[in-house]
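The values are calculated or read from the model by the stated rules, or taken from the named source; none is laboratory data. If you're wondering where the values come from, they're calculated on a predicted model, not measured in any experiment. Every residue, glycine among them, receives a Cβ derived from its backbone with ideal geometry; neighbour counts consider all protein chains shown. Side chains are part of the model used for accessible areas, which takes the heavy atoms of the whole protein and leaves out ligands, DNA and RNA. Shrake-Rupley method; radii C 1.70, N 1.55, O 1.52, S 1.80 Å.
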Amino acid sequence: MAEDTSSPMDRFCGSTFWNATETWYTNDPDFTPCFEQTALVWTPCAFYWAFVIFDFYYLKASLDRNIPWNKLNVSKALVNLGLLVITALDLIMALVKKGGDSELPLYDLDVWGPIIKFATFLLVFIFIPLNRKYGVQTTGCQFIFWFLLTVLSIPRCRTEVRLDAERQKILNSQQPSEQDFSWEEYQFVSFFIFFTFTSIMLILNCFADGMPRQTKYQRGENEIPELSASFLSRITYQWFDKMALKGYRNPLEEKDLWDLRPQDSCSEVMPIFAHHWNQNVRKNYKNKARVEPKAQFSNGNVTFENPHGEKNGRKKGMASIMPPIYKSFGGVFLFGALMKLFTDTLTFAQPQVLSLIISFVEAQEAEPEWKGILYAVLLFVLAAAQTFILGQYFHRMFIVGLRIRTALINAIYRKALRISNSTKKESTVGEIVNLMAVDAQRFMELTTYLNMIWSAPLQIGLALYFLWQQLGPSVLAGLAVMIILIPVNGVIASRIKTYQIRQMKYKDERVKLMNEVLSGIKVLKLYAWEPSFEKQVLDIRDKEIATLRSTAYLNAGTSFLWSCAPFLVSLVTFATYVLTSEANQLSVEKVLVSIALFDLMKLPLTILPMLSVDIAETQVSVNRINKFLNSEELDPNSVLHDSSKPHPMSIENGEFSWGDEITLRNINIEVKKSSLVALVGTVGSGKSSVVQAFLGEMEKLAGVVNTVGKLAYVPQQAWIQNATVRDNILFGQTYDRKRYNKVIDACALRADIDILSAGDLTEIGEKGINLSGGQKQRISLARAVYSDADLYLLDDPLSAVDAHVGKHIFEEVIGPKGMLARKSRVLVTHGVTFLPQVDSIYVMKMGEISESGTFDQLVKNKGAFADFIIQHLQEGNEEEEELNQIKRQISSTGDVPELLGTVEKAIKLARTESLSDSISVTSADSLMGRGGSLRRRTKRQDSHDSVASAASLKKKQEVEGKLIETEKSQTGGVEFAVYKHYIKSVGIFLSVATLVLNFVFQAFQIGSNLWLTQWANDQNVANDTGLRDMYLGVYGAFGFGQGLCNYGAAISLFTATLHASSRVFHRLFNNIMHCPSEFFDTTPKGRILDRCSSDVNCLDLVMPLNIRMVMSTAFQVLATIVVISLSTPIFLAVIVPIAFLYYFAQRFYVATSRQLMRLESVSRSPIYSHFSETVTGASTIRAYNVGDRFIEESDAKVDKNQVCKYPSVIANRWLAIRLEMVGNLIILFASLFAVLGGQTNPGLVGLSVSYALQVTQTLNWLVRMSSDIETNIVSVERIKEYGETKQEAPWELEQDKNKPKNWPQEGHVEFQNFQVRYREGLDLVLRGVSFNIKGGEKVGIVGRTGAGKSSLTLALFRIIEAAGGRISIDGVDIASMGLHMLRSRLTIIPQDPVLFSGSLRINLDPFEIKTDDEIWKALELSHLKSFVKSLAAGLNHEIAEGGENLSVGQRQLVCLARALLRKTKVLVLDEATAAVDLETDDLIQKTIRTEFKECTVLTIAHRLNTILDSDKVIVLDKGQITEFASPTELLDNPKSAFYSMAKDANLV
């Protein structure tokens, strides 16, 4: 017996385990029964035992519990029981029927086979109730186990059926057989029952179990289907179909989105990260072994420990965020890495199968057909497996990235609420926000690629190993070429970077200049200066385009290198291979497999250098975040809350600093219960610092600070949130209508709220942009009053409000009879008026308290306080009646003559220089009808009387209804017209050239590959070196052609797109400059700038790359189809259905994804704006102790952003899986047809299959890029929209040229029944005004606010066009000339002086037509000569943006100099309200009287005394002229309106 030759497995089964002749070398392949019953059953079992650990992990990680019994899990349990019974039965039957006395021997297999199956089924069975109890709805391991078991049992089905047929034959044959078939019969039945049950289990495992009864988080209506999707649905992303369909039908909105998965929300991610972070911080303290509980999630708060620690804890080093990140998120990441390893191996299996297919075709007659089919299917299975695993891999990585971002954003946010002031000083708010916006974001982008660190070298290594097997050492030559190309690319990349930086610089310059142009557009129009500034902007733009052009050449260079690289590599390798030895001949298999392997190397080689740069950048981010998270925090114990102290607020012997030198010393303050304490002192004496010391914001060096009770704080600069007025006042407390209304009235907010469009539910812009200073301050005060605290710290709340409003607030809120009378309050104040009414006063001087006491005591002391009062009165900010009050108070204390003298002087001053209230734009009383109280305000012009500005706001809103038009967000697709417009801008010639060059490039590529296969097929090459060299030469030439075409295509494309974007910008900017001024009133500046910066940027940088990618991928797909059809024409039949599938996936995806991206970007900015708001208002948030609420708000905003982000990540995966499956079908059909189609040329077959292998990725890119183009073409649409806005009248007309150079000679101005309105559909502002001014007359125009004074001048300059009537100058109708002709012949000195950044000279004479002497003369007359002489640069002195580096008075004088330079016959003087001090005003008046003696001067007056000497006065009221006569005439008539104004102003 030849038993000893048998393997252990043969002995185990009692029959042959593996028989190659039966299985492989045959036309009818089959496995041996032993193999079917061992290997094919045990493989799935082994798989399950190996991966069962994952099932345990999911049980542990599940957040839900208790799935009810239902049909599905009951049937799973029953079928599983059936399997257990049948396996047990197998074992029993074997023991009964075989061995012992029966003639059938009992083999090991009969015992062990059932036992192994039984154990595995039992394990699966145990998990059914476990999964139910722990709320796990689906498990992947079990699905794969049943899938493998079912598929691998199919061969045995065939065997059993065949054996049965043979048995029947024997039984049916006439010879009576002695054999007993009962055991075989039993096995037949038992196997088919087993097979049926496994198939049922597989089907049952395709569905997910029911919903759990208990969930950690409320599961809403809108929960994400993924949570209860089955494993199959998860790997195919079939659960996302609903969203894709919905997005395809109509644009998605926020309400269509699903809730966040609980495990990705802040409340799950945060505690884990905080726990590891705190552990890490603790490790950094050597001597302190504090035992800490885990990071608890107590009522939703996560506590982060302070890495700075107490002063005494010795610090070992910085706590880094990296270890906590590894510990918190490393598990998922490792699982992802495992998947990546798996796909990398699968990738390299493909070329191996390819070589099998090629050798199969070569030996077609010898090989049975089933092998070819097997190879084709194998290729498909490999590709499909790779698709599914990669999908899951990317999904996992994205989740890790999102979680890391969530953790970092939250850690940074929580830290920002606690950083000390010295830390805050080190970095601006912008930099801190960048930590969140840029650095945390960078992590998220990196996680997807991080695994390439080990994966790329592994892929290169594997590729080299397989290549070595094909071509031996010649591979090294190819590798050398690849390695040489890396530094070359590096050099080019660094050059590109320098160009990019330069381009950014130009872009910033351009945007800054455009920002100024748009801010001062009104002035530019009045002066007719647009061409000069347009030229400046376009010059910068040209420089920018030039830089972009250089970048484009370099980019074309890199793409040339990359397109040549794979070619060069293969050329060098093959050349080396065939030239090193005569014996080396190329075979088709070698050529194609090598090319496939070289292609696989391309990606890792490209990614490695990019990855290293990314990692370096992320390292920088890590360091920045670490520095921030490790920075010093405020000491929570600097303020004690000891209720045994006698007074609610006190500081004893306090010394404080702002981080560097000592700011406050020897501070002793006591605030008694329910008393009002005032802190006074000069600017910078440390008043606000004392308030900060009470809040614990300063660093305490010595002493004791104590506060008992709830605090409220009103900062000096009001901090207003971007929320409604009501939310700002409630500040998180419940709304109590009675108390709320009381607070509003006390803080004098009623009038403001009535004026706002939506009352107190009006939204306030960021930083309170749409409120005046006084309104902000009063809202901030109302917030404090409403909070009903015990202690009030009021840091100068009355500085920004007007005198009488201040008085009202003091009486109603702060003072002894106000709402806060029962509270303890500290008031920092500059006003002297209220001091008599406070309980005690502390006078600050140089950071110390110089004296304290009541008002009377301090006045008697004649110390620092008396000096303070004197100094204050000399500034003259007070109103007359208030001064009288102080006078009474001082005289009652007696014996302070010098003080009284000062007060008298101040009263006089207040009388003489009062603004006339009846006219003042900033007046409140006249609008509110309280009768004018006189006052003079020069110093505090920024604090516009809030009620007034509110009233003017109301007027504005009534006039304009809704001023700002809301921006349309584009939804849905983009019309074809937009593409047409863009292609037109590109130019037809360049478009065609690009297409043709790309086409030729692909043709060369196919040509070179066909040539290679031709070479490999040619048998004669072996003996003929000449022939070989010819093949090599032509191959090289093909490559060269490829490179040239690629370079040409890139250059022509970049040139074309740049040409387009430069033309588009010119048109856009030119149009914007020609827009009428109403366009700028209704369109926010930011929106216009956005079109000119980010949209133009999109055309400059994003579009060219997108178009390039789309073209190259589209041509590649085309090439693939061509090659496959060449080899197997029947393939064309499959293309049509595949193309349909593809098209649908693409349409669904684009629609959904585009809208998701929009929603995501909209939901992202609130995170950052909320954060920057928090950083600015941190001290207020801490004072009110509402940090937790803000943290919750931030978390909610982050979660909301994830809600939009997560589906767009999934949409990508959903598309990738579908597209790659389409690609895999192409692979399947290409290889099947190649094998079955009887194609005899192995080269063509191999080529078509290797092209098919690449098509998957290409298709993927094609969809992504084409959808990117659709997203970005929106920019073209938005720019086009602005290029088509309504234009103002032409600047120049032909007939202007015949007007004399010095027109108008007379300066005779006539209005005839003139009417005008600001915009279509609004009321008339001037209603039929007629008057006549002779040349050289001086005319004053007066009237209340809104009477139409400014409209008169705007109409004269045609800034607003006539609605009826006409204006003529020197008898010429102004409507008949070009705008520039008109505007350049009139002169205006506008109300607010607008200056542009640039030299002083450009500001005076932008067209550079005047000589230096003329300019100096003008400067001398405008009293600026000495100032300009004193500047180092003289006329070339750089003026900052908006003229910031000149005082307001100087700016006004520059405007005067402009007028003097122009000196035309008509001068319009729009008088400045409060910007100019009296001296400057006198200078201007004097100059105008002398220099413009012969001119016609129209003055819009706000102070009557300036127009008393004019020839005529026009009094306007409600857009009509009520009086027109000389001033003396009007003053003689006591009934005239002019007389009553003069009387109000104390002029008569």
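Being under 23 Å from F56 (Cα atoms), among the hydrophobic types (A, V, I, L, M, F, W, C) and either touching a Lys or Arg at 6+ places or on another chain (Cβ under 9 Å) or modelled with pLDDT under 95 (or both) is a property that does not hold for V111. Determine whether N861 is of a type in the set (S, T, N, Q), surrounded by fewer than 18 Cβ atoms within 10 Å (Cβ to Cβ) and modelled with pLDDT of 75 or more. So N861 passes the test.
Any idea which of K1280, K1286, K1297 is among the basic types (K, R), open to solvent by 10 Å² or more (accessible area, probe 1.4 Å), outside any helix (DSSP H, G or I) and over 30 Å from I358 (Cβ atoms)? Of the residues listed, the single one that is among the basic types (K, R), open to solvent by 10 Å² or more (accessible area, probe 1.4 Å), outside any helix (DSSP H, G or I) and over 30 Å from I358 (Cβ atoms) is K1286. Only one of the listed residues (V1110, V1034, V1096, V1102) is open to solvent by 10 Å² or more (accessible area, probe 1.4 Å) and modelled with pLDDT under 90. That residue is V1102. A single member of V1122, V1136, V1117 is open to solvent by 40 Å² or more (accessible area, probe 1.4 Å), in contact (Cβ under 8 Å) with a residue 24 or more places away in the chain and either of a type outside the set (A, V, I, L, M, F, W, C) or under 18 Å from A1230 (Cβ atoms) (or both), and it is V1122. With respect to (1) open to solvent by 40 Å² or more (accessible area, probe 1.4 Å); (2) in contact with a Phe, Trp or Tyr (Cβ under 9 Å, 6 or more places away or on another chain); (3) within 19 Å of F56 (Cα to Cα), the lone exception for I116 is condition (3). Only one entry in L379, L446, L458 is under 25 Å from V1162 (Cβ atoms) and in a helix (DSSP H, G or I), namely L446. Selection of the range 724-756 for residues being more than 17 Å from Y786 (Cα to Cα) and surrounded by 14 or more Cβ atoms within 10 Å (Cβ to Cβ) yields A751, D752, I755, L756.
Annotation note: Cβ proximity below 9 Å between a residue of the range 368-392 that is farther than 18 Å from Q1257 by Cβ and a residue that is assigned to a loop (DSSP other than H, G, I, E, B) and among the charged types (D, E, K, R) (sequence gap 6+ or interchain) occurs for P368/D28; W370/D28. Screening the range 1415-1471 for residues that are open to solvent by 10 Å² or more (accessible area, probe 1.4 Å) and among the β-branched types (V, I, T) and picking the one that is modelled with the lowest pLDDT gives V1448. Check the range 1342-1349 and report whether any residue there is open to solvent by 30 Å² or more (accessible area, probe 1.4 Å) and either at positive phi or at pLDDT 85 or above (or both). Scanning the range 1342-1349 turns up at least one residue that is open to solvent by 30 Å² or more (accessible area, probe 1.4 Å) and either at positive phi or at pLDDT 85 or above (or both).
Within the range 68-113, restricting attention to residues that are under 27 Å from V136 (Cα atoms) and among the basic types (K, R), the residue that is surrounded by the fewest Cβ atoms within 10 Å (Cβ to Cβ) is K71.
Can you tell which of R65, R11 is closer than 30 Å to L106 by Cβ, surrounded by fewer than 17 Cβ atoms within 10 Å (Cβ to Cβ) and of a type in the set (K, R)? Of R65, R11, the one residue that is closer than 30 Å to L106 by Cβ, surrounded by fewer than 17 Cβ atoms within 10 Å (Cβ to Cβ) and of a type in the set (K, R) is R11. Please work out which one of (1) closer than 18 Å to G520 by Cα; (2) touching a residue at least 40 places away in the same chain (Cβ under 8 Å) is the condition E1444 fails and give its number. Among (1) closer than 18 Å to G520 by Cα; (2) touching a residue at least 40 places away in the same chain (Cβ under 8 Å), E1444 violates only (2). Reported count of residues in the range 1263-1275, each being open to solvent by 30 Å² or more (accessible area, probe 1.4 Å), over 15 Å from F976 (Cα atoms) and in contact (Cβ under 8 Å) with a residue 60 or more places away in the chain, is 1. Listed conditions (1) closer than 30 Å to T707 by Cα; (2) under 24 Å from the mean Cα position of the chain (by Cα) are all met by V1209, apart from (1). Residues that are part of a helix (DSSP H, G or I) and touching a residue at least 40 places away in the same chain (Cβ under 8 Å) were ranked within the range 247-267; the one that is surrounded by the most Cβ atoms within 10 Å (Cβ to Cβ) is C266. S1536 falls short on exactly one of the conditions (1) without any contact (Cβ under 8 Å) to a residue 60 or more places away in the chain; (2) open to solvent by 20 Å² or more (accessible area, probe 1.4 Å); (3) of a type in the set (S, T, Y), and that condition is (2). Condition check for L1379 on (1) under 44 Å from the mean Cα position of the chain (by Cα); (2) open to solvent by 10 Å² or more (accessible area, probe 1.4 Å); (3) under 21 Å from F1080 (Cα atoms): one failure, at (2).
Only a single criterion out of (1) under 19 Å from I1521 (Cβ atoms); (2) touching a residue at least 40 places away in the same chain (Cβ under 8 Å); (3) not acidic (D, E) is not satisfied by L1322, namely (1). Which members of the range 580-599 meet the condition of being surrounded by 21 or more Cβ atoms within 10 Å (Cβ to Cβ) and assigned to a loop (DSSP other than H, G, I, E, B)? Selection gives L586 alone. Scoring E898 on the criteria (1) of a type outside the set (V, I, T); (2) surrounded by fewer than 20 Cβ atoms within 10 Å (Cβ to Cβ); (3) modelled with pLDDT of 85 or more leaves a single failure, condition (3). Number of residues in the range 697-739 that are outside any strand (DSSP E or B) and among the β-branched types (V, I, T) equals 5. Among the candidates L130, L148, L152, the residue that is in contact with a helix residue (DSSP H, G or I) (Cβ under 9 Å, 6 or more places away or on another chain), loosely packed, with under 15 Cβ neighbours inside 10 Å, in contact (Cβ under 8 Å) with a residue 60 or more places away in the chain and within 18 Å of W49 (Cα to Cα) is uniquely L130.
Here's the yes/no breakdown for (1) open to solvent by less than 50 Å² (accessible area, probe 1.4 Å); (2) at pLDDT 80 or above; (3) assigned to a helix (DSSP H, G or I):
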position	(1), (2), (3)
K956	no, no, yes
Q970	yes, no, no
K980	no, yes, yes
F989	no, yes, yes
F1001	yes, yes, yes
Q1014	no, yes, yes
R1028	yes, yes, yes
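When we screen I1367, I1359, I1333 for residues that are of a type in the set (A, V, I, L, M, F, W, C), under 21 Å from S1077 (Cα atoms) and touching a Ser or Thr at 6+ places or on another chain (Cβ under 7 Å), the only hit is I1359.
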